[in-house]
Structures are given as structure tokens and as C-alpha cells.
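For reference, the structure discussed in these notes is given below.
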Amino acid sequence: MPTPLFIEWLGPTPFNHVNGSRMNDRNLVRGLFLAAVSLAFGLGALRYPIGDFSHAGPGLFPLLVSCLLFVIAVITIVRSRFVDPMPLNFNLKNIALILLGLCGFALISRLLDMMAGIVFMVFVASFAGTSYSWKRNLKVSAGLIAVAFAFQKLLGLNLPLV
């Protein structure tokens, strides 16, 4: 059965047929997810006073960040219409490793200190990557610890470092 002309004009759809099976287009799903997250935070930011740029209210910064994220989401969605579809694969092992790293970071930061939590998070989450390098993990950990110290010293945040 030939494909109707309006379907060909629409281009690739979120469910493209490859080798007789259906697949989700990873780029389109990524764009839709970013749009949903940006809308959720943007609408949440509207509950706070926005103010203006000279006297910013508590809702201005989250609103601006969510607007920028929404622009990125729209660009990703439009781009997904022009590039070849890529299959969307869920690797449950990687998802579990990332969640373990995040939960371990929170627990270790509460029980010991944030530096140990950052190192744990980086080393556990890196097992979800395609390659593992302990030297790279040490560099990433040092960078994140430096950012945490900068937040503590420059912004006056009460972070449990040392």
C-alpha cells in the first residue's frame, strides 16, 4: 500500500519503521522531555513574584532558565525532523548506576561530608559510561569539589565541606 502524500510531507514520525519493527526517535523524545521539564519549572516559577531585571523577584531566574531550556527543546524537536531517526534504548543497568550514585551522594554527604559524596557519585556514575578511567574520575571529582568550595566561599552557601 503506498504511503499517502501528506504522511511523506510530514517526514519522519516518532514511531519509525525500521526492519519491520517500531522504534522511538531518540532526538524527538529528548526534545519532548526537555519541553515538559521546562514547562513544569516555568509554570512553577510563575507562582512566585517575577519582579524586573533591576529588582529581580524569586521567580525570575527559574523562569529565565526554563525559557532557555524550552528554546533548546524546540530546537531539538525541529532538528529531529531533519536528521535520521536514532533508536531509543533504555539500559536499566545504567539507570540504576546513576540513581545509586545520586542516592549515595546524598547519604554520604549527610553522614560524612560532601567531598566524599562527590567522589562516590563520580566513581559510581562513571560505570554507566562506555569507558572507565580512574584518572578522569579524579579530575572530575576535583573539579566538582572546587566548584563546591567556590559556592561555599564566594556565595556563602552552607555546604558540608570538611
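Computed values, structure above
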| quantity | calculated |
| --- | --- |
| Flag for residue 38 being assigned to a loop (DSSP other than H, G, I, E, B), of a type in the set (Ser, Thr, Tyr) and either within 14 Å of the chain's Cα centre (by Cα) or loosely packed, with under 12 Cβ neighbours inside 10 Å (or both) | no |
| Members of segment 130-159 found to be among the aromatic types (Phe, Trp, Tyr) and either touching a strand residue (DSSP E or B) at 6+ places or on another chain (Cβ under 9 Å) or more than 16 Å from residue 114 (Cβ to Cβ) (or both), listed by number | 132, 134 |
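Every read-out reported here was derived from the displayed coordinates using simple, explicitly stated rules and does not represent laboratory data. Since we're looking at a predicted model, the values are computed, not measured. Positions of Cβ are generated from backbone atoms using ideal geometry, with glycine treated the same way; all protein chains shown enter the neighbour counts.
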